[in-house]
Amino acid sequence: MFKKRLILGLFAGIIALYPLGAANVSFLVMETGMNADDPNGNYSALWENNLLDVFFDMGHIVSNSLKIQISQKPAGDFPAEARRDYTSAREGGMDYFIIAIVDYKAPNVSLRLFNTKSSNMITEQKYAISSFRNTKDENESIKKAVAVMAARLK
């Protein structure tokens, strides 16, 4: 009886120590090209919510920074305005940092995935902002786009 319990306990301990493969991911949403008619930026809130939902549903540990509004689209891969949030994510133990740049003027959304260990951009994906008949269709479209980005995590 004792042997059975010991073997069962060791087996359960080994299973509990096996890494599950969840990544720590931090998000930052940046807005540019804001329209004076819509200063709230509801579209960026849809992206932020869906980023958090999809990655969390896939089993990752997620956090986000406060949304930032910038005057023009950043020229380089890594916007200078994101440096503080990136540093905070890295120091907080995050594995990945994703910047979503919502450009209302273009109109498009650029998702940029960075590794916090090397600060190199892993990939970038761009999506056109299109109008949908209802919020449900729009959310589904955004979730599909986010799932493609989530598949890039190792």
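Inside segment 90-109, residues that are touching a Phe, Trp or Tyr at 6+ places or on another chain (Cβ under 8 Å) and closer than 21 Å to residue 45 by Cα make up a count of 9. Residue 110 passes every criterion in (1) surrounded by fewer than 16 Cβ atoms within 10 Å (Cβ to Cβ); (2) part of a strand (DSSP E or B) apart from (1).
Quick one: is residue 96 of a type outside the set (Gly, Ala, Ser) and under 27 Å from residue 21 (Cβ atoms)? In short, yes. The residues in segment 117-131 that are loosely packed, with under 13 Cβ neighbours inside 10 Å and either modelled with pLDDT of 90 or more or not hydroxyl-bearing (Ser, Thr, Tyr) (or both) can be counted, and the count is 4.
Taken over segment 17-42, the criterion of being more than 26 Å from residue 71 (Cα to Cα) and either modelled with pLDDT under 85 or surrounded by fewer than 16 Cβ atoms within 10 Å (Cβ to Cβ) (or both) is satisfied by 17, 18, 19, 20, 21, 22.
The single condition from (1) surrounded by 17 or more Cβ atoms within 10 Å (Cβ to Cβ); (2) in a helix (DSSP H, G or I); (3) at pLDDT 90 or above that residue 49 fails is (1).
Yes/no per residue for (1) in contact with a His (Cβ under 8 Å, 6 or more places away or on another chain); (2) of a type outside the set (Lys, Arg); (3) part of a loop (DSSP other than H, G, I, E, B); (4) under 19 Å from residue 49 (Cβ atoms):
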residue	(1), (2), (3), (4)
82	no, yes, no, no
85	no, yes, no, yes
100	no, yes, no, yes
131	no, yes, yes, yes
140	no, yes, no, yes
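Taking the criterion of being surrounded by fewer than 18 Cβ atoms within 10 Å (Cβ to Cβ) and in contact with an Asp or Glu (Cβ under 9 Å, 6 or more places away or on another chain), the only residue of segment 75-97 that qualifies is 77.
The values are calculated or read from the model by the stated rules, or taken from the named source; none is laboratory data. Please read these numbers as outputs of a predicted model, since none were measured by experiment. In this analysis, Cβ positions are derived from the backbone assuming ideal geometry, glycine residues included, and neighbour counts consider all displayed protein chains.
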